[in-house]
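> Sharing a structure below in structure tokens format, with a few things to ask.
The values are calculated or read from the model by the stated rules, or taken from the named source; none is laboratory data. Everything quoted here is computed from the prediction, not taken from an experiment. Please note: Cβ atoms are built from the backbone with ideal geometry, for glycine as well, and neighbour counts cover all protein chains shown. In case anyone asks, the SASA skips ligands and DNA or RNA and just uses the protein heavy atoms, side chains included. Shrake-Rupley method; radii C 1.70, N 1.55, O 1.52, S 1.80 Å.
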Amino acid sequence: IETVKTRGKIVLLIDYHLGIFVSLLGQKAKQRTSKLHLKMSLERKPGLLQSMGLGGMAACFAVNFTHPIETVKTRMQVSGAGVGTTVAETFAEGGIRPFYKGLLFAFGRELSYTSIKLGAYAPVRDALGAGKESPFYLKFVAGALTGGVGSLVGNPFDVLKTLSQANKGKVVPLTSLVGEMYQNQGIGGFYRGVEVNVMRACILNATKMGVYDLTKGYVTEYTGWSRSDIRTAFSSAFVAGFFMTCTVSPADNLRTRLMNQPTDKKIYNGFVDCLVKTVKNDGILSLWRGFVPIWARFAPQATLQLLTLEQLYRVCGFKSI
């Protein structure tokens, strides 16, 4: 009888531990399955319109923080004054509020121009076949294409934003500014400076997205971080911001001069005329005027835009850029 009882206890003990073992196996299987599902979901690629929508959302979020820097940069390019003088003069107009002049037009610009240049990059890059092993220039081509198309769509908002930011008087209502521009110059007035704006956008986005994409590859290779890691995105975006400033400053200065012409007259007869007069009057280095505020805007803006877009991709279950 005692032997039977002992054997019964042993059987129960084995059965108990076997149950725990099976339960642990089941939990591990579930964890592996959930990780597999997450990995598969993050490998999904967004469609063109989906990516553009997320790009616009990311850009509108970022512009709230970078618009004051953009205002200082624009006024420096127009007046030729230094950073300290420009900030002091702008603040004297009415405190913080003047730094946000033209914010409404900036939102329109982000929802048109930036949603295309930022959001459409990944789908266009994939359509061109610019994968990990592809030549680096294909990434720059994808950035230039999306930047150029976006600038054509968003040029009217760019013109109105520049005029609003450079205006040191009272805030001009949206309807009045649009009405005056249309009355004096027609539809063509909203596309002043479009040639240099397209050039700038192509250079800017080719540098921004191309350098960002390439840097992510180097960062993942040397650190072991994944492409979707926030550290990878942050460091890559910061590097992209510096190179953007180096390549875009000349076109950015010329664009500001062309777009800031009065609504009732023209100072420059196109891009070439503006370039010649600027270099003749102010010297070649004037094309890099405002380098510090441009970088101070580009670095955080690129970082905020790209970090936000990457997180939106992740939340929606899409593969990172």
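> Cα convex hull of region 66-134: mean projected area in nm², to one decimal?
6.8 nm²
> Using helices alone, what [θ] at 222 nm do you get for the chain, with -39,500 (n - 2.57) per DSSP H run of 4 or more residues, divided over all residues and rounded to the nearest 500?
Rounded to the nearest 500, it is -26000 deg cm²/dmol.
> Still on this structure, I have one more. Using a 10 Å Cβ count of at most 12 others and DSSP loop calls, identify the longest part of the chain lacking such trypsin sites (Lys or Arg not before Pro).
1-131
> Would you mind checking Lys161/Lys266; Lys170/Lys277; Lys73/Lys208; Lys45/Lys139; Lys168/Lys208 for any pair whose Cα atoms are more than 22 angstrom apart?
Lys170/Lys277; Lys168/Lys208
> Further question: Tell me the label only: which of [x] 167; [y] 222; [z] 189 is volume of the Cα convex hull per residue in Å³ as calculated from this structure?
Entry [z].
> Per residue, how much accessible area does the chain have with a 1.4 Å probe, in Å²?
Heavy-atom accessible area per residue stands at 51 Å².
> Note down the net charge around Thr223, summing +1 for each Lys or Arg and -1 for each Asp or Glu among other residues with Cβ under 10 Å from its Cβ.
Value of the local net charge: -1.
> Right, another one. For region 209-304, which whole percent of the accessible surface, found with a 1.4 angstrom probe, sits on carbon and sulfur atoms?
Roughly 67 percent, rounded to a whole number.
> Heavy atoms only, probe 1.4 Å: what % of the accessible area of region 67-127 goes to carbon and sulfur, would you let me know?
Roughly 68 percent, rounded to a whole number.
> To the nearest 20 debye, what is the magnitude of the charge dipole of region 68-117 about its Cα centre, counting +1 on the Cβ of each Lys and Arg and -1 on the Cβ of each Asp and Glu?
That gives a dipole near 120 debye.
> Still on this model: Counting Lys and Arg as +1 and Asp and Glu as -1, each charge on the Cβ, what is the dipole of the chain about the Cα centre in debye, to the nearest 20?
640 debye
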